[in-house]
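Engineer: Structure provided below as structure tokens; questions to follow.
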Amino acid sequence: MFFQILSTRLDRWLAARALAGARRRRVAPAFEEVHTALGRLRVTDTAGPGPVVVFVPDGPNVVEHYDALIRRLSPSCRVVCFDMPGFGFSLPDASYAHSLAQGAQAVLEVLDQLNIARATLAFSCANGFYALRAAQLAPHRIDGLVLSQTPSLKAMHAWAERVVPAPLKLPVLGQWLGWLFRQRAASSWYRIALPRGSDATGFREVGLHALRCGACFSLAGVVQGLLREPVAALDGVQTPCTLVWGSQDWSHHDTDPMSILHVVPHADVIRFDDCGHFPDLENSARYAQILLERISRQAQAPMETADV
């Protein structure tokens, strides 16, 4: 427990130094912050009419990676996108340990601060687990889940053991190493996360520019936080759920996307056979069509129930 506390404080200290430097140099993207108990979170909000859909980038991606998708969806939805604590330009609180409960609390506090009563959560990879916990804690506020690259927690534990270097799993040491090698790790990640032979330049340039500007990439923190969670922690979610899975994601080559059914038995699983780890961004037109269809279906569900 001592080293866990020390690691969260170290994460906060490193992030605060980087963000302070970015502000002094005026090289970081514009800051719109929402203050929560888990940290100061950078948020973009189209604030338009229509159903609400919320995205959080999967680090080292940042809000800017979602610009095109936000423009595509904004005529039909109010779109909110924010960096989770410890990622992008969101400063974590010193107590933030990337637990399921804390991640879900951050999501729900953003909804509170923006006066959003209900929303669809469109989260990816590890962030999908925070969306699932938010649906457990406040099912009346989550209309639906449209997840990307989120298997079961058990499968994610196996992925972390297989893919993440052992030192990153150690509190304090992992935080230091993750910080020192964050740009190298991000560059390598895009290479293995996208389909072989594809051009990762666009993803890499935006991600590395953000890191050079002072963005956070608390890979060690999120890995350590999720590895502490019991594998059955998310079982029993009742919220409508769709999983979009990029089949050309070489980082998840041995991960079974159907494992999500152990957590959410009613989930729809849709494969994007031409995409890697970011199907929502790699094929945003198809993804947006699926997302809007799911939102429409969720809006009709109460009427269908009343007719039965």
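Just so it is clear, none of the values below were taken in a lab; they were calculated from the coordinates. What you see is a predicted model; the values in this text were computed from it and never measured. Note that we place each Cβ from the backbone using ideal geometry, even for glycine, and neighbour counts take in every protein chain shown.
Engineer: Calculate, for ARG196 and ALA101, the FRET efficiency according to 1/(1 + (r/R0)^6) with r their C-beta to C-beta distance and R0 30 Å; round to the nearest 0.05. Don't jump to the answer; show the numbers that get you there.
Structural biologist: On the way: r = 38 Å, r/R0 = 1.25.
Efficiency for this residue pair is about 0.20.
Engineer: Counting other C-beta atoms within 10 Å, which of VAL237, VAL53 has the fewest, and how do the rest follow? Please list the in-between numbers first.
Structural biologist: Values: VAL237 22, VAL53 28.
Placing the least packed residue first, the sequence is VAL237, VAL53.
Engineer: While we're on this one: If we restrict to alpha carbons, what Rg and Dmax does the chain come to, in Å?
Structural biologist: Answer for the chain, Rg first and Dmax second: 18.1, 61 Å.
Engineer: Taking only the C-alpha atoms, wrap a convex hull around the range 1-126 and report its volume per residue in Å³ as a whole number.
Structural biologist: For the range 1-126, the hull spanned by Cα atoms encloses 105 Å³ per residue.
Engineer: Separation between the ALA16 and ALA301 pseudo-spin-labels, each 7 Å from Cα along Cα→Cβ, expressed in nm?
Structural biologist: That separation, rounded to one decimal, is 4.1 nm.
Engineer: Using amide H atoms built in the peptide plane, which far-off residues or other-chain residues are under 5 Å from ARG271 H to H?
Structural biologist: Amide H to amide H, under 5 Å and 5 or more residues apart or across chains, ARG271 pairs with TRP245.
Engineer: Can I ask one more? Going by alpha carbons, how many degrees (0 to 90, nearest 10) lie between the helix axis of 153-163 and the longest principal axis of the chain?
Structural biologist: 40
Engineer: Starting with the fewest neighbours, write out ILE295, ILE5, ILE142 ranked by other beta-carbon atoms found within 10 Å of each beta-carbon.
Structural biologist: Fewest-to-most ranking of ILE295, ILE5, ILE142: ILE5, ILE295, ILE142.
Engineer: Treat the count of other C-beta atoms within 10 Å as a stand-in for reagent exposure and order TRP179, TRP250 from fewest to most. Intermediate results must be reported in sequence, preceding the final value.
Structural biologist: Values: TRP179 21, TRP250 14.
The order, fewest Cβ neighbours first, is TRP250, TRP179.
Engineer: State the Kirkwood hydrodynamic radius of the range 90-249 in Å, one decimal place, computed from all pairs of distinct Cα atoms.
Structural biologist: 16.9
Engineer: For the chain, with the dipole built from +1 on Lys and Arg beta-carbon atoms and -1 on Asp and Glu ones, taken about the Cα centre, which of ILE116, LEU180, GLN224 lies farthest toward the positive end?
Structural biologist: Farthest towards the positive end: LEU180.
Engineer: Another question, if that's okay. Give the relative contact order (percent, whole number) for the range 1-127; include only Cα pairs under 8 Å separated by 6+ residues.
Structural biologist: In percent, rounded to a whole number, it is 33.
Engineer: Could you grab the relative contact order for the chain? Cα pairs under 8 Å, six or more apart, rounded to a whole percent.
Structural biologist: Values: 583 pairs, mean separation 64.8, N = 308.
Reported as a whole number, the value is 21 percent.
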